[in-house]
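Q: This is the structure, below, for whatever I ask next.
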Amino acid sequence: ELSKNDHKILINYCLNKKVKFLSSPFDIDSINYLDSIDIPLFKIPSGEITNFPYLMSIGSKNKPIILSTGMSNLNEIKDALDILIKSGANKKQITVLHCNTEYPTPFDDVNMNAMLTIKNEFNIDVGYSDHTIGIEISLLAVSLGAKIIEKHFTIDKKMEGPDHAASLNPNELKSMISGIRNIE
């Protein structure tokens, strides 16, 4: 939904703040556009894990990749990894995020063993896309070897939209980062 000009504005803002800019493409034209503006990595949303032409396009760009797994099974993850690597992606530059797509995710449905299974099954870096309320599960994920934590952020949890209730406010984000640094 962002225009090319929106991207330029956000990229410049991120450069000023010394934050790495990231935008997830949802089609091949967007992949090519983001590559043309030298995005530093690609984040593949869960819904695209079985979109083979999309995966081939991203794999051919030879950039780091974050692959979110959402409602995927191990065979779908394997197929996606195979396609990415056969298309040119470096396995050492791929991180697979365990993810539950329920917003907010109840603690009982987190299944952190799935992250460990992915790590062991594919001998790959893993992370966690956390949609739970609070910071505990992100800290647990890091303690179990997550290299990347994806957590939604908001300035107001009462704003409209599905993500705000499970998002962190600024103070919670600072606490999560501090906790992660302590675990590291």
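The values are calculated or read from the model by the stated rules, or taken from the named source; none is laboratory data. Note that the structure is predicted; figures quoted are calculated from it, not measured. Ideal geometry is used to build each Cβ from the backbone, glycine not excepted, and the neighbour counts take in all protein chains shown. The area values use the complete protein model at the heavy-atom level, side chains included, leaving out ligands, DNA and RNA. Shrake-Rupley method; radii C 1.70, N 1.55, O 1.52, S 1.80 Å.
Q: For D108 and I85, what does the FRET efficiency come to when R0 = 30 Å and r is the distance between their Cβ atoms, rounded to the nearest 0.05?
A: 0.30
Q: What order, most packed first, do the peptides 133-141, 152-160 have when packing is the mean number of other Cβ atoms within 10 Å of each residue?
A: 133-141, 152-160
Q: If you average the alpha carbon positions of region 1-69 and of region 93-130, how far apart do those two centres end up, in angstrom?
A: Taking the Cα centre of each part, region 1-69 and region 93-130 sit 21 Å apart.
Q: If you roll a 1.4 angstrom probe over the protein chains with everything in place, what fraction of the accessible area of the chain belongs to carbon and sulfur, to the nearest %?
A: It is 52 percent, rounded to a whole number.
Q: DSSP loop (so not H, G, I, E, B), at most 15 other Cβ within 10 Å: list which trypsin sites (Lys or Arg not before Pro) in region 1-59 pass both filters.
A: Those satisfying the criteria are K18, K20.
Q: Positive end of the dipole of region 55-184, charges at C-beta (+1 Lys, Arg; -1 Asp, Glu), about the Cα centre: which of T105, N75, N123 has its Cα farthest in that direction?
A: Going by the charge dipole, the pick is N123.
Q: Now, a different point. With the cut-off at 20 Å, tell me which of the pairs K8/K157; K61/K91; K4/K86; K18/K158 have Cα atoms farther apart than that.
A: In this structure, K8/K157; K4/K86; K18/K158 exceed 20 Å between Cα atoms.
Q: With charges set only on the Cβ (+1 for Lys and Arg, -1 for Asp and Glu), what does the dipole of region 79-184 come to about its Cα centre, in debye to the nearest 20?
A: Charge dipole, region 79-184, about its Cα centre: 460 debye, nearest 20.
Q: What is the chain's relative contact order, in percent, from Cα pairs under 8 angstrom and six or more apart in sequence?
A: Taking the mean separation of contacting Cα pairs over the length of the chain, I get 13 percent.
Q: Further, regarding this structure: At 1.4 Å probe radius, can you tell me the per residue accessible area of the chain in Å²?
A: Using a 1.4 Å probe on heavy atoms only, each residue of the chain averages 57 Å².
Q: In debye, nearest 20, what is the charge dipole magnitude of the chain about its Cα centre with +1 on Lys and Arg Cβ and -1 on Asp and Glu Cβ, if you could check?
A: Magnitude of the dipole: close to 840 debye.
Q: Still on this model: For a protection proxy built on the mean count of beta-carbon atoms within 10 angstrom, sort 104-113, 74-83 highest first, please.
A: For the peptides 104-113, 74-83, the packing ranking is 74-83, 104-113.
Q: Are there chymotrypsin sites (Phe, Trp or Tyr not before Pro) in region 13-93 that DSSP puts in a loop and that have at most 16 other Cβ atoms within 10 Å, and which ones?
A: Sites meeting the loop and neighbour criteria: F26.
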